[in-house]
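Just so it is clear, none of the values below were taken in a lab; they were calculated from the coordinates. Note that the structure is predicted; figures quoted are calculated from it, not measured. Cβ coordinates were reconstructed from backbone atoms using ideal geometry, including for glycine residues, and neighbour counts include every protein chain displayed.
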Amino acid sequence: MNRARLGRNVLALGLVSLLTDFSSEMIYPLLPVFLTTTLGAGPAALGIIEGVAETTASLLKLFSGVVADRTGRKKPLVVSGYGLSAAMRPLVGLATSWGHVLAVRFSDRIGKGIRTSPRDALIAASVPAQDRGRAFGLQRAMDHMGAVIGPLAAFLLLSGAGLSLRTVFFLSAIPGAAAVAALLFLVREPEGPAQPQARVTFGDGGLPPAFRRYLLIVCIFTLGNASDAFLILRAVEEGIPVAYVPLLWGAFHVVKSSFSIPAGILSDRWDRRKIVVAGWLVYAATYAAWGLAAGPGWMVGLFLVYGLYAAATEGVERALVADFVPALRRGTAYGWFHLVVGISALPASVLFGVLYKWRGAPAAFGASAALALIASAFLLSLRNPTGPAESGRETRSP
């Protein structure tokens, strides 16, 4: 249990994630209400806004990863991405139409697309191989903790202080600015042998075949991983009062935050593939149960167990990317990873919604559970990368 400290870069990037989610989650849960009650928009407008925003982010994650590999520098891209999001996000408070909200969300997601892949590559480069799972687990844990604090702060400002929605949106600039300041003053470009690669391209031809198979397996799983909005819909259908949905969502993030670091540590000691598979099996079990269970008690319990799936997989899946791919190609690799997840998530929600309407909840949730089981079998058959057993040849963050 005597583990070395993770270093300043990892801790600082975790703090940046916490503050950024603190800022964004002061706004995001309130957007549907703001669009419908204040701006008079409908569900279709919300769908357009979120669809455009998330697709933009997915495409840019590949672009920024390739640029990070070409230049050999990651921090400038990370700072640019977080800075753009922090500057644009509070401008929702000035919106007078849903088109204005679309422009702000589009700009915010451009920032997310620019920063995500270089940030993940920066984390991987800041720790030795045997600590990657713990490093990514810490980043995800602090990210989820921000997702708990943000809605709580918004609730207190709205109900306790009596502030308006627009004022809460403006105040989200404070944690956003703090995140950028922490990034500027606490994070350093890792020292090491990495050199710019002029021949890096958007293609994946230079990436290891095992990594490309890993991407295919992640794609299969993600095709069954619909939006969590369907879980909230199911919970409300089974008797959870709408007023208690934010509390249920917060409890879900508390579970994810609490178990992300232990899951990362386990992945450093054991086979990372098996940790991911364990999470995917929890996913399959909870989704199968969601299609059959009834009553608010079951909904609460399933949400909490579902948090274990997210804790076990989000950070470890990213650590696996670094295990498969050499350091000079990791920006590109993370770009492809995030692109595959983002693009696969689009048809996943559409197919899930069609099945939900056509055959009901058991068919929709059952199909997702089946895809999770298929992906689990394929991942176990994939050759185990040597990442966790490597002899920490990469330089720690200063």
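Given charges of +1 on the Cβ of Lys and Arg and -1 on the Cβ of Asp and Glu, with all other atoms neutral, how large is the dipole of the chain about its Cα centre, in debye to the nearest 20?
Once rounded to the nearest 20, the dipole reads 900 debye.
Note the count of lysine pairs whose C-alpha atoms are less than 24 angstrom apart in the chain, limited to pairs 8 or more residues apart or on different chains.
Taking the Cα cut-off of 24 Å, the pair count is 8.
Can you list residues from other chains, or at least 5 along the same chain, whose modelled amide H is less than 5 Å from the amide H of Gly72?
Under 5 Å from the amide H of Gly72: Gln197.
Taking trypsin sites (Lys or Arg not before Pro) as candidate sites, keep only those in a DSSP loop with at most 12 other Cβ atoms within 10 Å, then name the longest stretch of the chain containing none of them. Please report the intermediate quantities before stating the final value.
Working: sites that count: Arg3, Arg5, Arg199, Arg383, Arg393.
That gives 6-198 as the longest site-free run.
If you take the beta carbon distance between Thr96 and Ala363 as r and set R0 to 51 Å, what does 1/(1 + (r/R0)^6) give as a FRET efficiency, to the nearest 0.05?
Working: r = 42 Å, r/R0 = 0.83.
The formula returns an efficiency of 0.75 here.
Once phi is turned into θ = phi - 60°, what whole-Hz ³J(HN,Hα) does the Karplus curve with 6.51, -1.76 and 1.60 give for every residue of region 376-385, x standing for Gly and Pro?
4, 5, 5, 5, 5, 7, 6, 4, 6, x
Each residue of region 258-268 in turn: what ³J(HN,Hα) in whole Hz from Karplus with 6.51, -1.76, 1.60 and θ = phi - 60°, glycine and Pro shown as x?
For region 258-268, the Karplus curve yields 5, 10, 5, 5, x, 5, x, 5, 4, 5, 6 Hz.
Using the Karplus curve 6.51 cos²θ - 1.76 cosθ + 1.60 with θ = phi - 60°, what ³J(HN,Hα) values do you get for each residue of region 92-103, in whole Hz, with x for Gly and Pro?
4, x, 9, 5, 10, 8, 5, x, 5, 4, 4, 4
For Val255, what is the net charge nearby, where nearby means another residue's Cβ is under 14 Å from its Cβ and Lys, Arg count +1, Asp, Glu -1?
Around Val255, the surrounding residues sum to -1.
Rg to Rh for the chain: what is it, with Cα atoms only and Rh by Kirkwood?
0.95
Between Ser159, Ser368, Ser97, where does the largest GNM mean-square fluctuation fall for the chain, given springs only between Cα atoms within less than 10 Å?
Ser159
Where in region 204-280 are there chymotrypsin sites (Phe, Trp or Tyr not before Pro) that are in a DSSP coil and have at most 14 other Cβ atoms within 10 angstrom of their Cβ?
Those that pass, being in a loop and sparsely packed, are Trp270.
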